[in-house]
1. Give me the pairs, please: first residue somewhere in the range 25-39 and in contact (Cβ under 8 Å) with a residue 60 or more places away in the chain, second residue anywhere and crowded, with 16+ Cβ neighbours inside 10 Å and part of a helix (DSSP H, G or I), beta-carbon distance under 6 Å, and either six or more positions apart or on two chains.
2. Looking at the range 49-58, which of its residues are farther than 26 Å from residue 104 by Cβ, touching a strand residue (DSSP E or B) at 6+ places or on another chain (Cβ under 9 Å) and in a loop (DSSP other than H, G, I, E, B)?
3. Can you pull out every residue in the range 5-19 that is over 13 Å from the mean Cα position of the chain (by Cα) and in contact (Cβ under 8 Å) with a residue 12 or more places away in the chain?
4. Within the range 129-152, which residues are touching a helix residue (DSSP H, G or I) at 6+ places or on another chain (Cβ under 7 Å), crowded, with 19+ Cβ neighbours inside 10 Å and touching a residue at least 60 places away in the same chain (Cβ under 8 Å)?
5. Report, by residue number, each residue of the range 94-128 that is buried (at least 18 other Cβ atoms within 10 Å of the Cβ) and part of a helix (DSSP H, G or I).
6. Just one of the numbered conditions (1) surrounded by 16 or more Cβ atoms within 10 Å (Cβ to Cβ); (2) under 17 Å from residue 17 (Cβ atoms); (3) within 15 Å of the chain's Cα centre (by Cα) is not true of residue 91; which one?
7. Within the range 46-66, identify whether any single residue is modelled with pLDDT of 95 or more and within 20 Å of residue 8 (Cα to Cα), and answer yes or no.
8. For the range 116-126, give me the residue count where each residue is within 17 Å of residue 15 (Cβ to Cβ) and in contact with a helix residue (DSSP H, G or I) (Cβ under 9 Å, 6 or more places away or on another chain).
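The values are calculated or read from the model by the stated rules, or taken from the named source; none is laboratory data. A quick note: this is a predicted structure, and the numbers were derived from the prediction, not measured. Cβ atoms come from the backbone with ideal geometry, glycine included; neighbour counts cover every protein chain shown.
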C-alpha cells in the first residue's frame with residue numbers, strides 16, 4: 001500500500017499486533033469496519049511495529065495467518081524498522097489514526113469503551129462516529145478518548 005492508494009480518500013491507520021489481548025478483543029470489529037467502510041470509500045491500513053525478535057507472534061509470517069483468521073480485508077503491514085510507528089508517535093495497540101480525504105488528522109482515539117473482561121460489548125461506537133463524520137464531510141466530535149492497549153514493543157537501540 002502506498003499514499004497513491006489512498007489519494008483523495010479518508011484513511012484509517014491502525015497500529016495493531018497479533019498477541020495483544022486488546023487487539024484480540026476488538027479484531028472482529030476491526031474486520032467488520034473494513035467490510036462496511038471500505039466500499040464507502042475509506043482506505044484502511046493496519047500496521048504492526050512490534051519487535052518480532054522479542055515477540056515472534058507479531059512477526060510477518062504470523063501476521064499473514066492472523067489477517068486470514070481475523071478476516072481483515074485491508075492491508076496488514078509490517079513496520080520492520082519501526083520508523084512508521086515513530087513518525088506517527090504511536091504508543092500502543094490499538095492506536096487509531098483517522099485522516100480526512102485531504103489526509104489531515106481528524107481523529108485519534110479509542111475504538112469504543114469496551115476493554116477485555118469489561119463485560120461491555122465491542123461496538124466500535126467512537127471510531128464509527130468519527131468515520132461517519134469524515135465520510136459526510138463533518139468534523140468528528142471534539143472529545144476524543146485516547147486508545148488504551150499494550151505498549152508498542154520497541155527494539156533496544
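1. 37/131
2. If we filter the range 49-58 for residues that are farther than 26 Å from residue 104 by Cβ, which is where we start, we get 50-58.
From the residues that got through so far, the ones that are touching a strand residue (DSSP E or B) at 6+ places or on another chain (Cβ under 9 Å) too are 50, 52, 58.
Once the filter is applied, which keeps residues that are farther than 26 Å from residue 104 by Cβ, touching a strand residue (DSSP E or B) at 6+ places or on another chain (Cβ under 9 Å) and in a loop (DSSP other than H, G, I, E, B), the range 49-58 yields 50, 52.
3. First, the residues of the range 5-19 that are over 13 Å from the mean Cα position of the chain (by Cα): 5-10, 19.
5, 6, 8, 9, 10, 19, listed by residue number.
4. Matches in the range 129-152: 131, 149, 152.
5. 126, 127
6. (1)
7. Scanning the range 46-66 turns up at least one residue that is modelled with pLDDT of 95 or more and within 20 Å of residue 8 (Cα to Cα).
8. Quick first cut of the range 116-126, residues within 17 Å of residue 15 (Cβ to Cβ) only: 124, 126.
From what is left, the residues that are in contact with a helix residue (DSSP H, G or I) (Cβ under 9 Å, 6 or more places away or on another chain) are 124.
Looking only at that region, the number is 1.
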